[in-house]
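Structure record follows, encoded as structure tokens.
Readers should treat all values here as calculations from the given coordinates under stated rules, not as data from a laboratory. Bear in mind that the values here come from a model prediction, so they are computed numbers and not experimental data. Don't worry about glycine lacking a Cβ; one is built from the backbone with ideal geometry, like all the others, and counts go over all protein chains shown.
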């Protein structure tokens, strides 16, 4: 029995050693970005290190669109809204001649975008409100299971970034809590976020609308109302983090100037070490290449100020060995 226990203990020790020696970011090329991430996590989780961060304060926040999954040629939530308009159109014949719905039915994204915030909000109001939260969640899940991207032909939840999945896991394996902090709608993200990223719905901060509580046929429900109450973008992101998470992050990742204030607020704090990073879309062959002039995910000020703020720029083409999960 003693011999068996000794052999068993040795096997377990070797297994743990293999795990510790395994590359935590295998889809990342051996680059300065990868080195910086691993060094940050190592020094902030090593007991006795002067840069050690207690587990309770290991908060990492991530934008979603363009940071954890693709976002071109339009935000995927907008693609969802357009598909819902098309499904509802037979009941609204006037939409054929009424903007912005006419543009949606004709797949005229340029005209839809030109309708501005008011036009987009009108589309979102029709497709995201007037129903219970349960009904909306069901619709989102069905769409995620069936809809495909117009270019890649992949399901939208197959267009998540494998290197970022590894980063999320690496952080969690080292005691970090990972949060989504996105300009996207919170009710659109929560139904699928846990399966995609391993992040529970209560660790998602996003834009949200007004709701009301009702009892319908004896059943309590929450209904979505067509009124935006919180826009979780730009300076809304640090505000959202403060209001809904309650702690300033020590790690923040985004991909556009809409994430600038989140990185600025995170990395300007004193005390613990801080890490800020932008995912820079530079790979036109495997994904998309865009930055300073893009109509979606514009990254201009972030590129200009990255060096002085000591932010890491992750070059998708050069830093990532693969983009999407294998077989997807």
One finds, for residue 133 and residue 173 with R0 = 41 angstrom and r their Cβ-Cβ distance, a FRET efficiency to the nearest 0.05 of 0.80
Would you mind listing how long the chain runs along its three principal axes, going by Cα atoms, in whole Å with the largest first?
77, 52, 40
Note down the relative contact order for the stretch 247-308 as a percent, whole number, built from C-alpha pairs under 8 angstrom at least six residues apart.
33 percent
Shape verdict for the stretch 223-286, please, from the Cα gyration tensor: rounded (a/c under 1.5), prolate (a/b greater than b/c) or oblate.
oblate
Rounded if a/c is under 1.5, else prolate if a/b beats b/c, else oblate: with a ≥ b ≥ c from the C-alpha gyration tensor eigenvalues square-rooted, which is the stretch 94-199?
prolate
Linear extension gain, residue 247 paired with residue 88, 0.36 nm per residue minus alpha-carbon span
53.1 nm
Applying the gyration tensor rule to the Cα atoms of the stretch 118-160 (axes a ≥ b ≥ c; rounded if a/c under 1.5, else prolate if a/b exceeds b/c, else oblate), the class is oblate
Sequence of 53, 38 once ranked by neighbouring C-beta atoms within 10 Å, starting from the fewest
38, 53
Approximate shape of the stretch 76-146 as ellipsoid semi-axes (Cα gyration tensor, √5λ), whole Å, largest first
20, 13, 12
When the helix-only estimate is applied to the chain (DSSP H runs of n ≥ 4, each -39,500 (n - 2.57), divided by the residue count), what is the mean residue ellipticity at 222 nm, nearest 500 deg cm²/dmol?
-12500 deg cm²/dmol
Gained length - residue 47 relative to residue 213, 0.36 nm times residue gap less alpha-carbon distance:
55.0 nm
Angle, helix 116-128 long axis vs. longest principal axis of the chain, Cα atoms, 0 to 90°, nearest 10?
90 degrees
Can you give me the Cα centroid spacing of the stretch 311-326 and the stretch 253-278 in angstrom?
19 Å
Roughly what would the spin-label model give for residue 301 and residue 39, points 7 Å off Cα along C-beta, in nm?
2.9 nm
